[in-house]
Amino acid sequence: MTWIQHTDAPQATGELRACYEALGALYPPEYQDAVPSLVRPDGATDHVTASHSLIPAAMLHAFSTLAVLLRPELPLTRRQHEMIAAVVSVANQCFY
């Protein structure tokens, strides 16, 4: 769970809601489902995107870039993306 003030997509309104929707449309379909290990007992999910919700324009630009890098026509698979993210998180001692 992010420890800074944040707004998850289901609670977002206005510009932030539009930002979440725009980002959702950019990511490949397999990235739409919640990762089971990140679903909390209350049913909510932790994700790094929400930690950027205080500045919707910055969130849109940062995660739009990432969405383009995750396109399925590029040479890395989802599994490879996840492995890279896991190694970087461990190196940075970060849950995400």
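The values are calculated or read from the model by the stated rules, or taken from the named source; none is laboratory data. For clarity, every value in this text was computed on a predicted model and none was experimentally measured. Ideal geometry is used to build each Cβ from the backbone, glycine not excepted, and the neighbour counts take in all protein chains shown. Ligands, DNA and RNA are stripped out before the accessible areas are found, and what is left, the full protein with its side chains, is counted by its heavy atoms. Shrake-Rupley method; radii C 1.70, N 1.55, O 1.52, S 1.80 Å.
Of all residues in the range 42-74, those that are part of a loop (DSSP other than H, G, I, E, B), over 17 Å from Pro10 (Cβ atoms) and free of Cβ contacts under 8 Å to residues at least 12 places away in the same chain total 3. Checking each residue in the range 51-96 for being open to solvent by less than 50 Å² (accessible area, probe 1.4 Å), out of contact with any Leu (no Cβ under 8 Å at 6 or more places or on another chain) and not hydrophobic (A, V, I, L, M, F, W, C) picks out Ser51, Ser89.
Applying a threshold of 6 Å to beta carbon distances and a minimum spacing of six or more residues, or different chains, the list of pairs starting in the range 75-96 at a residue that is small (Gly, Ala, Ser) and ending at one that is modelled with pLDDT under 90 reads Ser89/Tyr96. A Cβ distance below 8 Å, combined with a sequence gap of six or more or placement on separate chains, defines the contacts here; from the range 20-34, residues that are exposed (fewer than 13 other Cβ atoms within 10 Å of the Cβ) reach residues that are polar (S, T, N, Q) in the pairs Ala34/Thr45.
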